[in-house]
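Written below as structure tokens is the structure these notes are about.
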Amino acid sequence: MIADVIVVLIFLICGFIGYKTGFMKSLITIASYILSVVLSFLLYPVVSDLLLKTPLFPYLTKTVNEKIVSGSIPENPGGLWGLFAENMSGSLEKTAESISASVAEFLISLLAFVLMIVVCKILTGLIARTLTFVSKVPIIKQLNGIGGAALGFVTGIFVLYIAFALIMFSEPMKTESKMLTEIDRSWIASEMYENNYLLSWFSEEELSENNRN
């Protein structure tokens, strides 16, 4: 329930900010998020390749391998483990080490993707702030507020999907996670965590690439 309360609060805060900001400025904000996601899809492989050469990759591989060997993966896995259970169900010949490396590589790509979204959002946000003429476009006051609030809620979805992606990244590195336990007990938060549409095709592409390798 706590996770659901936090999710609802984020929606309400984003909706209120959108209401106060107005429709046109909120539209620019949404456009900057969409542009950030597109740029991130194009640029994250470069960042991922760089991160694979850092100590983070062997650390993740070791951590994931220990979790597999210890049998601490849940019987009905969700999140990251659920994705790999679906995509590697027929790969019994793969060793724990190779699966660990695949999971670690996916996590590196996920981290690179999220980092690029954050960086691109900051840059596009700075550019959007220079578009001061947008605020001068005449719009009916009621429409301006209601439209801004609606777009604010959409912004909240982007924010939550990015947050849940970061939580998914940290999942394999913890034996027990109170945060994940709270998400599992919730309704809205668990649905958004398990069905993160921002990462859906990204995950499919990465996992299919890992399987080919």
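The values are calculated or read from the model by the stated rules, or taken from the named source; none is laboratory data. Remember, predicted model here, so these are calculated numbers, not experimental data. Because the Cβ atoms are built from the backbone with ideal geometry, glycine has one as well, and the counts that use them run over all protein chains shown.
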The range 1-14 - residue that is in contact with a Gly (Cβ under 7 Å, 6 or more places away or on another chain) and surrounded by fewer than 20 Cβ atoms within 10 Å (Cβ to Cβ) and, of those, nearest to residue 154 (Cα to Cα): 11
Pairs, first more than 7 Å from residue 4 (Cβ to Cβ) and in contact (Cβ under 8 Å) with a residue 12 or more places away in the chain in the range 181-195, second part of a loop (DSSP other than H, G, I, E, B) and of a type in the set (S, T, N, Q), C-beta under 9 Å, six or more apart: 183/177; 193/186
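So is residue 47 surrounded by 15 or more Cβ atoms within 10 Å (Cβ to Cβ) and either within 12 Å of residue 112 (Cβ to Cβ) or free of Cβ contacts under 8 Å to residues at least 24 places away in the same chain (or both) or not?
Considered against the rule, which asks whether it is surrounded by 15 or more Cβ atoms within 10 Å (Cβ to Cβ) and either within 12 Å of residue 112 (Cβ to Cβ) or free of Cβ contacts under 8 Å to residues at least 24 places away in the same chain (or both), residue 47 comes out as yes.
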Qualifying residue in the range 191-208 (condition: modelled with pLDDT of 75 or more, surrounded by fewer than 19 Cβ atoms within 10 Å (Cβ to Cβ) and farther than 30 Å from residue 46 by Cβ): yes
So residue 135, is it of a type outside the set (D, E, K, R), closer than 28 Å to residue 27 by Cα, at pLDDT below 75 and in a helix (DSSP H, G or I): yes
Residue 182 being more than 15 Å from the chain's Cα centre (by Cα), surrounded by 13 or more Cβ atoms within 10 Å (Cβ to Cβ) and either part of a loop (DSSP other than H, G, I, E, B) or modelled with pLDDT of 80 or more (or both): yes
